[in-house]
Structures are given as structure tokens and as C-alpha cells.
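Values quoted throughout were computed directly from the atomic coordinates according to the rules given, and no laboratory measurement underlies them. Predicted model only: the values in this text are computed from it and were never measured. Neighbour counts run over all protein chains shown; Cβ positions are idealised from the backbone, glycine included.
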Amino acid sequence: MNYIKTGLLLAALTALFGVVGFMIGGEGGMLIALGLAAATNVFAYWNSDKLALKAHGAREVDEQSAPELVAMVRELAARAELPMPRVYVIDNPQPNAFATGRNPENAAVAATTGLMRMLTREELAGVMAHELAHVKYRDTLIMTISATFAGALATLAQFGFLFGGRGDNRPHPFMMLAMMILAPLGGMLIQMAISRSREYVADRAGAEICGNPLWLSSALAKISNGVARIPNQSAEEHPATAPMFIINPLTAGGMDNLFSTHPATQNRIAALEDFARELGIRGQGQRAGGASAAPRTATPWGGPGSGGANRGSRGPWG
């Protein structure tokens, strides 16, 4: 199903390229823009994951450089019945994470140093499980391709504003300015239509993978607070990648609800808490009735008696 969605997304973005090209340079501009869109289609499919990781300065880690994180992702991937993805760390104080890759066999997950410092081990497991859910359902292909296209649209509009047309064929300056604003906005609107609904699905699936919805709900609350206080410079420089993150890393201002690439965090937390009640989990790892117990499915962090999310707020990396 997601391959069909990806095809529709590519068609919509290609058409948007054509419209922008026509507005900038008439029929000739449209043909050039469609050619650029075709090249972007091919390039984005094979390289969008590398571009996203490079944009945020992500460095790949292994069992020697980040043994606990890699072991955690390996265990969660096995529980999700996924191949082991590549694991990256981003040196950024803002707590956040994303997944990328065209398919599960070529996937990568990335976490910021701020995330690893802020969360408990269980909360971090919830976040990594959420990202693996995106991999499992192939959301990463849609998100990374749309991010590449949105960036290309912004570049095309800006190029047209600076160099588009000549003489009588040059569009009116006000129209050029409008296109420079509306073209990337159109790409973002397409991203938003996809990413908002998929976050709820990935939250629920991630909770199933890690074994406790409350681990992820607690993590989302901490990440949301951290994002509000700590700017993410690389995300501000590459805003088209915002839908890839577990929580929007950008400074949204007063238009947050209208143009946010993610559902409201409080709504996601409420949905996860409802799911926890469905599973009979209440509070920080407490079953209904007050007895301390593990989630119904065995967790990779010690099972019954491991203490769950009660182990405090100090993260596993200090």
C-alpha cells in the first residue's frame, strides 16, 4: 500500500514541479522543471536517506562506539521482525530522532545526543521502537523522498525568482515572490497530509514493539518540552526534513496548529495512554489493581521485576 502512496506522492510533486516551472518560464520552464522532477525522482529514491543523514551531521555507530544503543536497536528490530538497521548518532542538544531509508533492508535510525542524555533506557526504547515502526511500514521512503522534493521545490522557486525569464517573458516580480513562497509550501502541505496520520500508527506499533505504551508517552512529553527549549540549528537550515523527526524540531510560532508536520503531542500521549489501559497497564509500569508487573509482552529490558520506567530520569548515557 505504501508503494502506491509513494507513487501518488511522486506524481503530485512532479505535477507541482511542472506548475512552478510554467509560472516561472512558460512552456519552456515547465519542460525544464519536469525534467528536473524526473531526475529528482531517481536521485531521491536512491539517495534521499544519505542526504537526510548528512544534512544533520549524523555519524554511524557500532557495538564499539555505542554498545548500549546498538544492542537496544538490535533487540527491538528482532522483536519487530526487521533486518538490523544502521544506527546513527547526531551531536545535537535537542532531544529528537528519525528513521530513513527506502526499505527495511536499507534503513537507518538516528538519535540525537540530547535524546540519549534526557531519556531513561525504557523511554529511549520506546522512541527507537517508534522509528522502527516507520521502517516496518515503509513510511521512511515517503518521508525522505518528500523531504528531498520539498527542498528541490524551494530551490527551484528561489532560482526562478532570481533568474527566471527575460524581457517581456519575465514574470511579474510579485508573482515570482508568490511562487517562491507557495512552491515549497505546496510541498510541505503534501508532506503534512502523509506524516500526521502515520505518526499515530507508528506510535501504536512502536508501543507494541517495545512492550509498554507508557514508555513512549513519557518520552514524547520529555522530547516536546526539550524541543520547546532547545533549538535545532541543522533542522532550521533544512526544514524539509522536519516530518522525519518523532516531534517537529522547528520553531513553529503561532501557526503551529495549521502548518505543523506532526499531530499535537498531547493527542499522541492521550492515544498511547488509552492503548496502555487496553493492555491493562497503568502508571509507570503498574498493572490495573496496583501490582507491579511487566507489560503483557515480555520486554527486552529484563522482563518481570526489571523496574520498568520506575528507574528514574537519568539516561543510560549519563
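Quickly work out the residue 282-to-residue 229 label distance, labels modelled 7 Å from Cα along the C-beta direction, and quote it in nm with one decimal.
3.1 nm
Grab the beta carbon distance between residue 236 and residue 32, set R0 = 45 Å, and tell me the FRET efficiency rounded to 0.05.
0.90
With each label point set 7 Å from Cα along the Cα-Cβ vector, what nm distance links residue 22 and residue 221?
Using points 7 Å along Cα→Cβ, the separation is 5.1 nm.
Report the paramagnetic label zone for residue 266: residues of region 196-225 whose backbone N is under 19 Å from a point 7 Å from Cα along the Cα-to-Cβ axis.
Counting only backbone N, you get 200, 217-225.
Starting with the highest mean, order 91-99, 129-137, 66-74 by the number of other Cβ atoms within 10 Å, averaged over the residues of each peptide.
129-137, 91-99, 66-74
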